[in-house]
Number of protein chains: 2
Amino acid sequence: MDIQEFVERSIGCWRSQRSAHHLAFSHFEAIQSEIEIVALTADAPEVIALCQANCVSLDTIVSPFQMSWQGQSDWDENEVKGSCILVPVPESPQRGKLLRDQGYAETIAAVGDYSLTEDGTFVLNTAYDRAAAEEKIWFVNPNVRCRVSLIKTSAGTGVVTASFSSEIRQEVKH
Amino acid sequence: MDIQEFVERSIGCWRSQRSAHHLAFSHFEAIQSEIEIVALTADAPEVIALCQANCVSLDTIVSPFQMSWQGQSDWDENEVKGSCILVPVPESPQRGKLLRDQGYAETIAAVGDYSLTEDGTFVLNTAYDRAAAEEKIWFVNPNVRCRVSLIKTSAGTGVVTASFSSEIRQEVKH
């Protein structure tokens, strides 16, 4: 599986159940949300802007997409809501960079390193100033995705939060 | 990583936070438990008995071990408790069978197919009469393991329950 195929399989609406384990104090957080993943064209203004901000040439990118989410946590009364633009920049069929814009809500702009393992798992590592994130996403079947996200200390050894999402494809409403 | 190294890294006491997602009705279940994994010798009576029950020759097995757990779910008032014997039977450095005895409590005897991916993930598939289980376990660092378990319909396509455990190694108490 290459990144184009991975993105293509991800396009759609997903109902997500997410559990976050805050490890230091053994807290469980439960989040339910709807996620929408939409393909963008390489000439969309927001894609061009994100590439320019990262000094990336438009002819090196593939499969740009937008991800939006809206949901509810049992920890925080506020609605969880956000959106961001994501642009893969392959360096080989199995790995590359993933650009992400600031979006709105809690997202911050970042460049991550992705790879695809032989068994079709998408692995994304992103370094921030004071933390690092590792994410694994894989398809159980065309309509079920699993996602494990780890937030680690910037040294990358200590795990602060481990979270797991099970995502089920929703019927498209007409 | 081969199965011997994987088992060796797993030996010890672990504090586990597990979230189970019951997908059909979007239910979250939270389970906290202690897991103990202890190495056994190939001549332990329970290992010999399990091999005989499966017509497996003792000189083909490696790294037998016992896993015990004890914990509490927020769904069921009863204590979650059990123990089982596990015996790997490698067929190559990267794959083989995993024998499991009936143990006590909710475990049932089974033979699963395991493999180890290039990035060190242990993958176990077990077919039962009316269901199939797929489990992935990997180390984030020597003291943190992640485990994703999927219970599927026997055809292997529908996912009934998806669960995630984050497991943190506990100090050995003297």
Out of B:D113, B:D101, sole residue that is surrounded by 14 or more Cβ atoms within 10 Å (Cβ to Cβ) and in contact (Cβ under 8 Å) with a residue 40 or more places away in the chain
B:D101
Go through region A:22-65 and report how many residues are of a type outside the set (D, E), more than 16 Å from A:C146 (Cα to Cα) and within 14 Å of another protein chain (Cβ to nearest Cβ).
7
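Quick grid of which residues meet (1) within 29 Å of A:N143 (Cα to Cα); (2) touching a residue at least 60 places away in the same chain (Cβ under 8 Å); (3) under 15 Å from the mean Cα position of the chain (by Cα):
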{"position": "A:S16", "(1), (2), (3)": "yes, yes, yes"}
{"position": "A:H22", "(1), (2), (3)": "yes, yes, no"}
{"position": "A:A30", "(1), (2), (3)": "yes, no, no"}
{"position": "A:A39", "(1), (2), (3)": "yes, no, yes"}
{"position": "A:A42", "(1), (2), (3)": "yes, no, no"}
{"position": "A:N54", "(1), (2), (3)": "no, no, no"}
{"position": "A:W69", "(1), (2), (3)": "yes, no, yes"}
In region B:4-114, which strands (runs of 3 or more DSSP E) lie fully inside it and hold 1 or more residues that are at pLDDT below 95?
B:12-22, B:27-39, B:65-73, B:79-92
Are there strands (runs of 3 or more DSSP E) fully within region B:116-161 with at least 2 residues that are among the small types (G, A, S) and more than 8 Å from chain A (Cβ to nearest Cβ)? List them.
B:131-141
Take the conditions touching a residue at least 24 places away in the same chain (Cβ under 8 Å), within 14 Å of chain A (Cβ to nearest Cβ) and either on the phi < 0 side of the Ramachandran plot or surrounded by 20 or more Cβ atoms within 10 Å (Cβ to Cβ) (or both) and apply them to B:E167. Does it pass?
yes
Given the criterion of a type in the set (V, I, T) and out of contact with any Gly (no Cβ under 6 Å at 6 or more places or on another chain), identify the matching residue among B:T117, B:T126, B:T107.
B:T117
Kindly indicate the residue of region B:116-135 that is aliphatic (A, V, I, L, M), closer than 21 Å to A:N141 by Cβ and within 15 Å of the chain's Cα centre (by Cα) and also surrounded by the fewest Cβ atoms within 10 Å (Cβ to Cβ) among those meeting that condition.
B:A127
Hey, B:I108 under 16 Å from the mean Cα position of the chain (by Cα), under 23 Å from B:I168 (Cα atoms) and aliphatic (A, V, I, L, M) or not
no
Taking the criterion of being of a type outside the set (A, V, I, L, M), touching a Ser or Thr at 6+ places or on another chain (Cβ under 9 Å) and touching a residue at least 40 places away in the same chain (Cβ under 8 Å), would at least one residue in region A:74-87 satisfy it?
no
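The values are calculated or read from the model by the stated rules, or taken from the named source; none is laboratory data. As the structure is a prediction and not an experimental result, all values here were calculated from the model. Here the Cβ is made from the backbone with ideal geometry for all residues, glycine too, and neighbour counts use every protein chain on show.
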